[in-house]
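Student: I'd like to ask some things about the structure below.
The values are calculated or read from the model by the stated rules, or taken from the named source; none is laboratory data. None of these values were measured; they are calculated from a predicted model. Ideal geometry is used to build each Cβ from the backbone, glycine not excepted, and the neighbour counts take in all protein chains shown.
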Amino acid sequence: MEIKNVIFHQLDKKSEERGPDTVSKDYAEDLLSTKDPIVKKFCEEIVDSYRTHNPIWGNIDETKSFHDLLEKQHSPSPNNFVDFSQNISDLIKIELSKSTMGTGGFILILNYTHSGTEWLMIIMLKNDEGYGLSQLLTLEKRKYLNIKRLNESARINIQQWLNNISLSDDEKSNCLSFMKGKKNEDVTEYFRDALGCIGYQSSNKNTKNVINAVTDYMNSKNYQPEERDSIRENLYRYFTNQYSLDLEADLETIARKVNSETPEDFTNFLKEKNITIDSAFKPSEKSFKTLQKISFNVGDVKVSFTYDDLNENVILNDDGLLIKSIPKHIVNEIDSYKPRIAPPSSD
């Protein structure tokens, strides 16, 4: 990880009040030193903290002021980074003044590269109170920046954002990830509005991505058929329940249903494979229905398969259901009992 630019600004707002006069600002005039070991360690830890969360994925609205700031910053005549960061903070200040519940905090704006990719991270950090020991070994209260609670935070893949500019909406790839608070939406919505966050992954896409990822994960772990069926059934019930109650499904619960003993193994799998799934989303009935098994009897014959099995091996045509790729020992057993029916003559 190479830190290019890093700076802090502060916005302070009285809770439950609105209006431009309710927000005060205190902006830094200089960048922090990227050679300072404390700065380097802090930036590394906050990037690591962000990676442990499960963000929402989307894009940046090209009609919004934040997009204009990015374009200017990546033009032949960019602003210096201090001005750029203050302009971003001004956008956040405007939206914060419209929020009832937002209270502001310390805005960290971090520009860095990692594995050849350039990132811009914007995080609103809060002061928390803790305890420390004085030189006389007496307890005293101390304030510290909480880098674990990142409800108001976003990270932009600069190269992907640049690529998106020349693409149509259907061709664009997600260049932005951000956190979405679980409790009061208004607390974090102002932050996303300031950065022009749009195009969150659809319910259908999120649900499909989960189902595909679970299948890939089970394949990688060589799960037995009984385990696979149990996990798919549990996911189907969970999605059905959330859908019927008009509630979001969350990735933490999904991970526990896929691997109850070490759920983080599944979320780590998603990160390793660069699979983007929002931390919370409304499940799509059309998509999660594919988890359900189709079971029926034809006389004494019981047939059972999933919607995903409707492929080249299970084919529905006008004559009925055609099942292919039957295990050889089953074919031999049937052949030994009853000769095969010859196909009709073409004459």
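Student: Conditions first: (1) within 19 Å of residue 54 (Cβ to Cβ); (2) more than 20 Å from the chain's Cα centre (by Cα). Residue 236 passes all but one, so which condition is the exception?
Tutor: With respect to (1) within 19 Å of residue 54 (Cβ to Cβ); (2) more than 20 Å from the chain's Cα centre (by Cα), residue 236 is out only on (1).
Student: Right, next: Hey, any hits in the stretch 61-78 for a residue that's among the aliphatic types (A, V, I, L, M) and either under 22 Å from the mean Cα position of the chain (by Cα) or more than 18 Å from residue 5 (Cα to Cα) (or both)?
Tutor: Going residue by residue through the stretch 61-78, those that are among the aliphatic types (A, V, I, L, M) are 69-70.
Imposing the further condition that a residue be either under 22 Å from the mean Cα position of the chain (by Cα) or more than 18 Å from residue 5 (Cα to Cα) (or both) reduces the set to none.
Looking for residues that are among the aliphatic types (A, V, I, L, M) and either under 22 Å from the mean Cα position of the chain (by Cα) or more than 18 Å from residue 5 (Cα to Cα) (or both), one finds none in the stretch 61-78, hence no.
Student: How many residues are modelled with pLDDT of 75 or more and either farther than 18 Å from residue 298 by Cβ or surrounded by fewer than 10 Cβ atoms within 10 Å (Cβ to Cβ) (or both) when one looks only at the stretch 333-347? Before the answer, list the steps.
Tutor: Going residue by residue through the stretch 333-347, those that are modelled with pLDDT of 75 or more are 333-336.
Subsequent filtering for residues that are either farther than 18 Å from residue 298 by Cβ or surrounded by fewer than 10 Cβ atoms within 10 Å (Cβ to Cβ) (or both) retains 333, 335-336.
Adding up the residues that qualify gives 3.
Student: From the residues in the stretch 306-332 that are at pLDDT below 70 and among the hydroxyl-bearing types (Ser, Thr, Tyr), which one is surrounded by the fewest Cβ atoms within 10 Å (Cβ to Cβ)?
Tutor: Checked the stretch 306-332; the qualifying residue surrounded by the fewest Cβ atoms within 10 Å (Cβ to Cβ) is 307.
Student: Can you give me the ranges of the strands (runs of 3 or more DSSP E) entirely in the stretch 38-151 with at least 2 residues that are in contact (Cβ under 8 Å) with a residue 40 or more places away in the chain? Spell out the reasoning first.
Tutor: Working: elements: 56-60, 104-114, 117-133, 139-146.
Where strands (runs of 3 or more DSSP E) fall fully within the stretch 38-151 and carry at least 2 residues being in contact (Cβ under 8 Å) with a residue 40 or more places away in the chain, they are 56-60, 104-114, 117-133.
Student: Taking residue 28 and the conditions (1) under 24 Å from residue 197 (Cβ atoms); (2) surrounded by 16 or more Cβ atoms within 10 Å (Cβ to Cβ), which numbered condition does it fall short on, given that it satisfies the others?
Tutor: (1) is the only condition that residue 28 fails.
Student: Further question on the same structure: So, in the stretch 217-236, how many residues would count as being in a helix (DSSP H, G or I), exposed (fewer than 14 other Cβ atoms within 10 Å of the Cβ) and modelled with pLDDT of 90 or more? It would help to see each step written out before you state the result.
Tutor: Here is the first cut: in the stretch 217-236, the ones in a helix (DSSP H, G or I) are 217-220, 225-236.
When the remaining residues are screened for being exposed (fewer than 14 other Cβ atoms within 10 Å of the Cβ), the result is 219-220, 225-227, 230.
So of that shortlist, the ones also modelled with pLDDT of 90 or more come out as 219-220, 227, 230.
The qualifying residues number 4.
Student: Kindly list the number of the only condition in (1) closer than 30 Å to residue 126 by Cα; (2) surrounded by 14 or more Cβ atoms within 10 Å (Cβ to Cβ); (3) not assigned by TED's automatic domain parsing to the domain that holds residue 18 that fails for residue 247.
Tutor: That leaves (2) as the condition not met.
Student: Here is a further query. Checking residue 81 against (1) under 17 Å from residue 156 (Cβ atoms); (2) buried (at least 20 other Cβ atoms within 10 Å of the Cβ), which single condition isn't satisfied?
Tutor: In the conditions (1) under 17 Å from residue 156 (Cβ atoms); (2) buried (at least 20 other Cβ atoms within 10 Å of the Cβ), residue 81 misses (2) alone.
Student: If you don't mind, another one. Starting from residues that are assigned to a strand (DSSP E or B) and β-branched (Val, Ile, Thr), keep the ones in the stretch 262-299 and report whichever is nearest to residue 50 (Cα to Cα). Walk me through how you get there before you give the answer.
Tutor: We begin by selecting, within the stretch 262-299, every residue assigned to a strand (DSSP E or B); these are 280-281, 293-298.
Filter once more, so that each one left must be β-branched (Val, Ile, Thr): 294, 298.
Details: 294: 41, 298: 54 Å.
Top of the filtered list is 294.
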